[in-house]
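The values are calculated or read from the model by the stated rules, or taken from the named source; none is laboratory data. Computed from a predicted model, the values in this text were never measured in an experiment. Backbone-built Cβ (ideal geometry, glycine too); neighbour counts: all protein chains shown. Keep in mind that these areas ignore ligands, DNA and RNA; they rest on the heavy atoms of the full protein, side chains included. Shrake-Rupley method; radii C 1.70, N 1.55, O 1.52, S 1.80 Å.
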Amino acid sequence: MVSTGSTTRDPRDAVPTRSDARDDDSTPSTARGGRRLLGTLVLFAGALVFLFPFYYMVVGSLRAKADTSVAGALPFGDFTFDNFIAIDSRVDLLGSLLNSAIFTGGVLLGTVVFGVLAGYALARLHFRGRGTLFAVMLLVQIVPFQLLIIPIYVMIVRTYGLADSYLGMIAPFLINSAAVFVFRQFFLQLPDDLFDAAALDGASELRILWSVALPLVRPALLTVVLITFIGPWNEFLWPFLVTKDTSMQPLAVTLANYISNIAGRAANPYGAILAGAVVLAAPAVALFVVFQKRFTGSELSSGVKG
Amino acid sequence: MTTTTQAPVRGAAEPGPGGRRRWTEKVLGRQPLGILFAAPYAVFLVAIFAYPLVLAVWISFHDYFFAAPGAQVDRPFVGLDNYRAVLGDPDVQRSFLNVAEFLVINVPLTVVLSLVLATALNAAVRARTFLRVSYYVPYVTASVSLVAVWLFLFSKDGLVNQLLGPLAPNPSWLVNEALAMPVIALFVTWKQLGFYILLYLAALQNVSKDLYEAASVDGAGRLASFRNVTVPGVRPATTLVVILATITGANLFTEPYLLTNGGGPDGASASPVFVMYQKGIEQGNPDTASAIGVVLVICVLLISLVNRKLLERD
């Protein structure tokens, strides 16, 4: 049970601490260190496998000619931005980005405004139907959206004639249920005293929400923006169904159409496709790398589906 | 609303000034303003989930076709005709078998890999942030972007085949009937894994350290304590991961549409949602497409229930 190599003078040293006890088993420390090293190596090797396609995407997007050989995977050779120019000339890259931004922005706005209100009501206010609403919210998380695609298509495109409109694109995603859940959990864990004190001062429910709850909401807001952003930004099926007019299509749809229809005509089709893929991937990846602290298991365990 | 704004205390101890207040309290709850706050979300849920769910079932029992907005058309009730047509359709049968193959590969792989990686990540000392981010980056990236790279990697002369040399499959991965679906299953496992690792990481924080200590005192090695402490300790998370992975699999669309060029080769990687899109929107038969959707929802619910029963029995 010797925890360190040094001679123990202080009797307390002989008593293993909590962490010592956990690390200590019958194997000698070198073997243990070896196994830990092995675990770390496996983790790093796995991470490289996970990251490789991203690296390959960037390298491929910068090559003048598609190079599928093993040497082509190495970061050497002549790099060029021609592929980005090529994809921009084949499709309306800026227009598509703008459509993606409007689609995503609309969903974010709807989710933040209505989600805060609903989350606050579910956490802090006693009203008729609260239990039912909460149960339905949980149920919704396991109803796969794709399976409702036909009736939603019938409603939005056929009944309301909202094809090729931002409203039609945004409507099915307007309020992200996972975000409502995150807001609810956040308001639930704020101390009761805070609200009781404001109520004793005679503040109205509206005033309590505005001056007590909302100023504190920032950490939850960041988490909500992150998990909501990747929904519409990455979504393919719905905008693909609802937009036939190319000037209305978000980037995911534009790029998919380019891949399946017209890529063959470009000088370096893969290069142009990969350049488009980089443009589509970059905002989400950047957001999640910068704010990685807000995207952990504990932030999400409430939010079930991303 | 006015009654609440004047109410000085949120508690129920305060009796209302008159009968009117007590009456509203009984019908609307103590803070009826909550109804107003929650109303947009409630309306959204009804409009986007509850109503379409009912509409999907209704359409599936009728001879339904697309008509111009506002046009009055007759859509007769046809009983189970659509279901009979769908269940007897070889394309539909094939797509359900394809997604079953997908789930058999994807779900066990997802559970094992995400739990093992989460456990390793939990114990790792160095570069935890880098590792965590590396594993979830595919999850936050658009499928369309990632499919583009995989198309390049797994094409006939792609890097994967270059590395394999003479071992490269012929026909190549994405145009090979036996390999198209496994490649898609692998793609989705890779893309979604980071999310499940995060779920397991959260669940691991709730496993009591004392249990590991007790196991270690009993002479259990790492493998034994993983089997006897970690696996049972995260069982609720495992149920969640299995159910979510099943739902994700049932939703499969983008990958067969783009990666294998429309469920190819010859329908070998067509998913039920892809067939729904073909029949419902391309061919204009929303009634049979809705029937596929209803059958798929029932299958997902059944699988989820069976999984829960299997995973939570003790």
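For the stretch B:191-220, residues that are more than 7 Å from chain A (Cβ to nearest Cβ) and either touching a strand residue (DSSP E or B) at 6+ places or on another chain (Cβ under 7 Å) or of a type in the set (A, V, I, L, M, F, W, C) (or both) total 10. Got at least one residue in the stretch B:176-183 being modelled with pLDDT under 95, open to solvent by 60 Å² or more (accessible area, probe 1.4 Å) and within 11 Å of chain A (Cβ to nearest Cβ)? Checked against the condition, which is being modelled with pLDDT under 95, open to solvent by 60 Å² or more (accessible area, probe 1.4 Å) and within 11 Å of chain A (Cβ to nearest Cβ), the stretch B:176-183 yields no hits at all.
Do the conditions hold for A:A171, that is, is it among the small types (G, A, S), crowded, with 22+ Cβ neighbours inside 10 Å, at the interface with chain B (Cβ under 10 Å from one of its Cβ atoms) and free of Cβ contacts under 8 Å to residues at least 40 places away in the same chain? Criteria met by A:A171.
Given the criterion closer than 25 Å to A:F236 by Cα and without any contact (Cβ under 8 Å) to a residue 24 or more places away in the chain, identify the matching residue among B:A123, B:A100, B:A127. Reasoning before the result, please.
Values: B:A123 fails: closer than 25 Å to A:F236 by Cα; B:A127 fails: closer than 25 Å to A:F236 by Cα.
Of the residues listed, the single one that is closer than 25 Å to A:F236 by Cα and without any contact (Cβ under 8 Å) to a residue 24 or more places away in the chain is B:A100.
Scanning the stretch B:112-154 for residues being in a loop (DSSP other than H, G, I, E, B) and more than 7 Å from every other protein chain (Cβ to nearest Cβ) gives a total of 3. Checking A:I156 against (1) within 11 Å of another protein chain (Cβ to nearest Cβ); (2) over 18 Å from A:V107 (Cα atoms); (3) over 24 Å from the mean Cα position of the chain (by Cα), which test does it fail? Every condition holds for A:I156 apart from (2). Screening A:L167 with (1) out of contact with any helix residue (DSSP H, G or I) (no Cβ under 7 Å at 6 or more places or on another chain); (2) more than 20 Å from A:W233 (Cβ to Cβ); (3) not polar (S, T, N, Q) gives one miss only, at (2).
If you filter the stretch A:208-234 down to residues that are without any contact (Cβ under 8 Å) to a residue 12 or more places away in the chain and under 28 Å from A:Q292 (Cβ atoms), you find that the one that is nearest to the other protein chains (Cβ to nearest Cβ) is A:P215. With respect to the conditions (1) among the hydrophobic types (A, V, I, L, M, F, W, C); (2) buried (at least 24 other Cβ atoms within 10 Å of the Cβ); (3) over 24 Å from A:T254 (Cα atoms), B:A203 lacks only one, and its number is (2). Annotation note: Cβ proximity below 7 Å between a residue of the stretch B:245-258 that is over 17 Å from B:Y139 (Cα atoms) and a residue that is assigned to a helix (DSSP H, G or I) and of a type in the set (V, I, T) (sequence gap 6+ or interchain) occurs for B:A250/B:V99; B:A250/B:V300; B:P256/B:I184; B:L258/A:I259; B:L258/B:V144; B:L258/B:V147.
Yes or no, residue by residue, for (1) over 26 Å from A:L98 (Cα atoms); (2) at the interface with chain B (Cβ under 8 Å from one of its Cβ atoms):
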| position | (1), (2) |
| --- | --- |
| A:Q146 | no, yes |
| A:I175 | no, yes |
| A:L188 | yes, no |
| A:L206 | yes, yes |
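Counting only residues that are open to solvent by less than 60 Å² (accessible area, probe 1.4 Å) and either polar (S, T, N, Q) or within 7 Å of another protein chain (Cβ to nearest Cβ) (or both), the stretch A:116-128 holds 7 of them.
Here the condition is being of a type outside the set (D, E) and either in contact with a strand residue (DSSP E or B) (Cβ under 8 Å, 6 or more places away or on another chain) or within 30 Å of B:V295 (Cβ to Cβ) (or both); of B:L186, B:L167, B:L159, it holds for B:L186 alone. The residues listed here are B:S155, B:S145; of these, the one that is of a type in the set (S, T, N, Q), surrounded by 23 or more Cβ atoms within 10 Å (Cβ to Cβ) and modelled with pLDDT of 85 or more is B:S145.
Within the stretch A:66-91, which residues are within 14 Å of B:D157 (Cα to Cα), open to solvent by 50 Å² or more (accessible area, probe 1.4 Å) and outside any helix (DSSP H, G or I)?
Step one: of the stretch A:66-91, the residues within 14 Å of B:D157 (Cα to Cα) are A:66-73.
So of that shortlist, the ones also open to solvent by 50 Å² or more (accessible area, probe 1.4 Å) come out as A:66-67, A:70-71.
Within the stretch A:66-91, A:A66, A:D67, A:V70 meet the criteria.
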